[in-house]
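Everything below concerns the one structure shown next.
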Amino acid sequence: MPVLARRIRLLRALRAARPPLVAALCVVNVLNALIPAATAVATAVLVSRISGHAPSGLLAATVGPLLLLAAVMVAGHAAEAGTVPLEFLAKARIDGAHRAALARLASFGPTVDRLERPRVQQLVRIARADPQNWTERTPGDGALGQVRWFAGLIGAVASCAVLARYAWWLVPALLVPAALNRFLGNRVHERFVVAWRAGIPEGMHSAAWADALVSTGEGKDIRLFGLEEWSVAKIGRHLRGLLGPAWELASRIWPADLRRFLLIVVPLAAVYAAVADGTAHGHATVAVETAVLASGWSLFQAFGLSEDARNMAAALEGLNAFDEVAAELRPDRPAPSQEADTAAEPEPAARAPLVRFEDVCFTYPGTTRRVIDHLDLEIRPNELLAIVGLNGAGKSTLIKLLSGLYEPDSGRVTADGVDLRRLGARRWRRHISVVFQDFVRYHLSVAQNVALGRGDVPFDRGALEAAARDAGLAEVLDRLPDGWDTPLSRARTGGVDLSGGQWQQVVLARALYAVRTGAGLLVLDEPTAHLDVRTEFEVFDRLSARREQAGVVLISHRLSTVRQADRIVLLEHGRITESGTHDELVAAEGTYAEMFAIQAERFQRGYDDVTDDATGDTTADTIDDTTGDATNDLTEQETAHG
């Protein structure tokens, strides 16, 4: 990017700080830049008055110059004091606007496929403007550095004007070495940046192990397996990998530092000697000599090595990464909300729309295998549809296509006859509630965790209580210290953690809250994998009752529960290969019947497929699950139907 374009890019970032604040910043920075030249002039005036008056009238003669010098010093201190809060506020506004824009860019897109790309994730990390080492800077740092750079040029011009008052040749004699010193200093700094960044991967490994040592999750394994010393040794080894290149460079650059020192001292000494000799021979006054001496040094200060160059260069990296993220996430076609005829598309039914997959194909970016292969499927209103299949069959991908997180490569998904791409993701998602297998555990209160199921509608306490009953969460709430207001994180005051099964009930209640507040289709991806068998049957009984208000799509590996579904479809290699009721599929003696027989045999032997990734107790006691009696109940049912 050309230099002028880089300057303009940084100046545009200042718009977020708003004009009054930017104007105030420019004023204080220009004042700071002019203070050295003003101090030199005020000092010269004072020296002139002192040398030109007899002792008897000295006090009266120097009052004015003293007041002038005091005014310059006060102005300098005021400008310096005002710079800090103004820059803090401006930086907060610029960086806040930048991060908000990045958040909108990353989260407002209808699909997640582009966001999942490794390159996009790397660009987002750079564009986030959250510096993790001294070589990274925010857009606010760069924009303010640009302001200081322009102000510094004004200060340098003022210092050059004072020097030219004595002799024009002083300007190039000091300006050239000052600018050269700045250039060489920046080159050395760039070499340090390159050396440091070469070790950043090692630094990331070191930080990851350091976090693991104090983490409650990894901390259990580290203590149980005796990995303390081994982890500390790895941290040390990675830290040496991080710091080694910079240490090696620092040991080699002292000759360059010496040359830069001489580049400052030699021109200044020569100029000072020439001016002093000229003053001694009457070619200039002591006052002029004083002004020249002060301005000469201030010129080197104005062009001295500062962080502004680094701030501007590093901030541009973040801004350029933002532009690249925008290009990567930009849709290939206009968003549905921007299409002229989208508003004319009818909304799906308020309850339980008819959804169809019509010859849908989908392949993950960067791969060649079709996960969904010419799939045709109908999801009928007020139906409990179960989708089963082996791992990798494409069940979770199908759910992401249904929820609009991915778009088909070919074919289409419709709701009441309208293609979801034309309907628009936002409009469609008002009608659907999804529980993913890898659900999110928010460190919020129970009530907030559940109400997040429909964050775009006013909070409904009645719907919250009903969703808790439907999800089997009421008993868990009774055992929490503050009920609905209990934070679900040990890191929060009064907070607790739940077992995996209890978290699953919270997330199920989250989805059911959405149904209670308007969603017409409930999609559940392994919603009870962590529940004991008895709780699971109770939950599915309640879900069956809900299908009068919303269609239910259920993915589960437990075939003993999906048998309650109105219809079961088997997904194999991205296609529907079997469809029917439980009895029909068992009678067909196909893949479903074989899978069901295997699971029935396991239950008869006393196994239960429940998994619980409980992370601890709620208060003093674990809020645990009871599985024994329910397993016996299920064994009897499987025996009766097997």
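The values are calculated or read from the model by the stated rules, or taken from the named source; none is laboratory data. Everything numeric in this text was worked out from a predicted model, so none of it was measured. Quick reminder, even Gly has a Cβ in these numbers, built from the backbone with ideal geometry, and neighbours come from all protein chains shown. In case anyone asks, the SASA skips ligands and DNA or RNA and just uses the protein heavy atoms, side chains included. Shrake-Rupley method; radii C 1.70, N 1.55, O 1.52, S 1.80 Å.
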Margin query: Rolling a 1.4 angstrom probe over the protein chains, ignoring ligands and nucleic acids, what is the accessible area of residue 578 in square angstrom, nearest 10?
Written below: 30
Check: To the nearest whole percent, what portion of all C-alpha pairs in the stretch 140-271 is separated by more than 25 angstrom?
Finding: 55
Margin query: So for the chain, averaging the separation of alpha carbon pairs under 8 Å that are six or more residues apart and normalising by length, what relative contact order in percent results?
Written below: 14
Margin query: Compute the helix-to-body angle for 228-250: its Cα long axis versus the longest principal axis of the chain, expressed 0 to 90° and rounded to tens.
Written below: 30
Item checked: Area of residue 227 that stays accessible when all protein chains are in place (1.4 Å probe, Å², to 10) -> 50
Checklist line | Calculated from backbone phi, Karplus (6.51, -1.76, 1.60) coupling profile of the stretch 569-575 in Hz, x at Gly/Pro | finding: 10, 9, 9, 9, 6, x, 10
Checklist line | Surface share of carbon and sulfur [accessible, 1.4 angstrom probe, percent] for the stretch 208-287 | finding: 67
Margin query: Given the -39500 (n - 2.57) contribution per DSSP H run of 4+ residues, what per-residue ellipticity at 222 nm results for the chain, rounded to the nearest 500 deg cm²/dmol?
Written below: -19500 deg cm²/dmol
Item checked: Accessible heavy-atom area order of 556, 251, highest first, probe of 1.4 Å -> 251, 556
Item checked: Alpha-carbon Debye profile of the stretch 209-278, log10 I(q)/I(0) at 0.16, 0.22, 0.24, 0.29 Å⁻¹ -> -0.72, -0.91, -0.98, -1.13
Checklist line | Residues whose placed amide H lies under 5 Å from that of residue 567, excluding near-sequence neighbours | finding: 384, 386
Notebook entry, point to check: Mind checking the log10 I(q)/I(0) for the stretch 377-511 at q = 0.14 Å⁻¹? Debye, one equal scatterer per Cα, no solvent, two decimals.
Noted result: -0.77
Check: Which cross-chain or sequence-distant (5 or more) residues have an amide H under 5 Å from the amide H of residue 434, H modelled 1.01 Å from N in plane?
Finding: 523
Note to self: What is the angle, in °, between the Cα long axis of helix 500-516 and the longest principal axis of the Cα atoms in the chain? Nearest 10 is fine, range 0 to 90.
What the structure shows: 90
Next item on the list: Rounded to the nearest 10 degrees, what's the angle between the helix 591-604 long axis and the longest principal axis of the chain, both from Cα atoms, 0 to 90?
Entry: 90
Check: Which far-off residues, 5 or more places away or on another chain, put their amide H under 5 Å from the one on residue 445, with H placed in the peptide plane?
Finding: 488
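Quick one: putting +1 on the C-beta of Lys and Arg, -1 on the C-beta of Asp and Glu, what dipole do you get for the stretch 471-536 around its Cα centre, in Debye to the nearest 20?
Details: 6 positive and 9 negative charges, 34 e Å.
That gives the stretch 471-536 a dipole magnitude of about 160 debye.
So how do 594, 589, 136, 536 rank on accessible area, 1.4 Å probe, biggest first, that is with the largest at the start?
Numbers: 594 120, 589 155, 136 40, 536 0 Å².
Sorted descending by solvent-accessible area, the residues read 589, 594, 136, 536.
Just to check, using Stokes-Einstein with a Kirkwood Rh over alpha carbon pairs, what's the diffusion coefficient of the chain at 20 °C and 1.002 mPa s in µm²/s?
Details: Rh = 30.9 Å.
Here the translational diffusion coefficient equals 69 µm²/s.
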Next item on the list: Using the Karplus curve 6.51 cos²θ - 1.76 cosθ + 1.60 with θ = phi - 60°, work out ³J(HN,Hα) for each residue of the stretch 583-588 in order, rounded to whole Hz, and write x for Gly and Pro.
Entry: 5, 5, 6, 5, 5, 6
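How many Å² of accessible area per residue for the chain, probe 1.4 Å? Could you put the intermediate results ahead of the total?
Numbers: 31460 Å² over 642 residues.
Result: 49 Å² of accessible area for each residue.
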Next item on the list: Can you sort 108, 540 by 1.4 Å-probe accessible area, starting with the largest?
Entry: 108, 540
